[in-house]
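These notes concern the structure reproduced below.
The values are calculated or read from the model by the stated rules, or taken from the named source; none is laboratory data. Treat the numbers as computed from the prediction; the structure is a model and nothing was measured. Glycine also receives a Cβ, built like all others from the backbone with ideal geometry; neighbour counts cover every protein chain displayed.
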Amino acid sequence: GAVVSQHPSRVICKSGTSVKIECRSLDFQATTMFWYRQFPKQSLMLMATSNEGSKATYEQGVEKDKFLINHASLTLSTLTVTSAHPEDSSFYICSARSGTGPGHFGNGTRLTVT
Amino acid sequence: GDSVTQMEGPVTLSEEAFLTINCTYTATGYPSLFWYVQYPGEGLQLLLKATKADDKGSNKGFEATYRKETTSFHLEKGSVQVSDSAVYFCALSGAQGAQKLVFGQGTRLTINP
């Protein structure tokens, strides 16, 4: 089946630094990728939708300058958390799809900002 | 806007018990409905789905039927196992536009031996 690889699985960074999370579709071309954020014991909240070669569409309330999304190729999208702060600590999950449908999820990245 | 409501957890059952996790939705048009499972520290795995009214999705002994008249998609399993312990999310995908997923709040299920 379709495989989506997310890297790193865990990252700890200091407040004020930036962190990049990668999401790769390994065996299909992902025309659309979704980035979600999940707080402890809560549901997933969609942050943004990105289509290959175009700017990401952010959900209301998500700071586009803080959460930079790049979808430069059909197999790779990156989420960069800029100037991270402790409140950005969370579980970030990507989903990738080709065509229609909900897509396939990566295993997530647990970000801890100290 | 579209929304999904799941029964509140956590749910704790004994092995071989019958499981029901309720899910209702609000959406325009005819959404597709999904159940996802999340094991500790992992991403989401699609458990089952249904794309139109009266469809029944099934996988690994789990079932859910798309009920348009009650706007529901309840998850059931006849005999749960310890390995079923996880968080379960009900979700819908709208019929139009970006087809992004809208998730319920998740239900944590613990099965005791």
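So the values come out like this:
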{"quantity": "Pairs, first closer than 11 Å to residue A:36 by Cα and within 7 Å of chain B (Cβ to nearest Cβ) in region A:92-111, second part of a strand (DSSP E or B) and of a type in the set (Gly, Ala, Ser), C-beta under 6 Å, six or more apart", "calculated": "A:105/A:95"}
{"quantity": "In region A:23-57, residue nearest to the chain's Cα centre (by Cα) [restricted to those that are among the charged types (D, E, K, R) and surrounded by fewer than 16 Cβ atoms within 10 Å (Cβ to Cβ)]", "calculated": "A:55"}
{"quantity": "Qualifying residue in region A:29-40 (condition: β-branched (Val, Ile, Thr), out of contact with any helix residue (DSSP H, G or I) (no Cβ under 7 Å at 6 or more places or on another chain) and free of Cβ contacts under 8 Å to residues at least 40 places away in the same chain)", "calculated": "no"}
{"quantity": "In region B:3-33, the residues that are at pLDDT below 95, of a type outside the set (A, V, I, L, M) and buried (at least 17 other Cβ atoms within 10 Å of the Cβ)", "calculated": "B:6, B:31, B:32"}
{"quantity": "Test for residue A:93: is it of a type in the set (Val, Ile, Thr), more than 25 Å from residue B:51 (Cα to Cα), buried (at least 19 other Cβ atoms within 10 Å of the Cβ) and under 10 Å from the mean Cα position of the chain (by Cα)", "calculated": "no"}
{"quantity": "Residue A:29 among the polar types (S, T, N, Q) and either within 22 Å of residue A:112 (Cα to Cα) or not in a loop (DSSP other than H, G, I, E, B) (or both)", "calculated": "no"}
{"quantity": "Contacts under 7 angstrom Cβ, first residue in region B:37-53 being more than 18 Å from residue B:82 (Cα to Cα) and more than 9 Å from chain A (Cβ to nearest Cβ), partner of a type in the set (Ser, Thr, Tyr) and assigned to a loop (DSSP other than H, G, I, E, B), 6 or more apart", "calculated": "B:50/B:66; B:52/B:30; B:52/B:66; B:53/B:66"}
{"quantity": "Test for residue B:36: is it within 23 Å of residue B:99 (Cα to Cα), out of contact with any Ser or Thr (no Cβ under 9 Å at 6 or more places or on another chain) and either aromatic (Phe, Trp, Tyr) or modelled with pLDDT of 95 or more (or both)", "calculated": "yes"}
{"quantity": "Number of the exception - residue B:20 against (1) assigned to a loop (DSSP other than H, G, I, E, B); (2) in contact with an Asp or Glu (Cβ under 8 Å, 6 or more places away or on another chain); (3) more than 26 Å from residue B:99 (Cα to Cα)", "calculated": "(1)"}
{"quantity": "The lone exception for residue A:41 - which of (1) more than 10 Å from chain B (Cβ to nearest Cβ); (2) of a type outside the set (Asp, Glu); (3) part of a loop (DSSP other than H, G, I, E, B) it fails", "calculated": "(1)"}
{"quantity": "Enumerated strands (runs of 3 or more DSSP E) restricted to region B:61-113, each holding at least 3 residues that are at negative phi and away from chain A (no Cβ under 11 Å)", "calculated": "B:62-65, B:75-77, B:107-112"}
{"quantity": "Conditions (1) among the aliphatic types (A, V, I, L, M); (2) at pLDDT 95 or above; (3) part of a loop (DSSP other than H, G, I, E, B): number failed by residue A:68", "calculated": "(3)"}
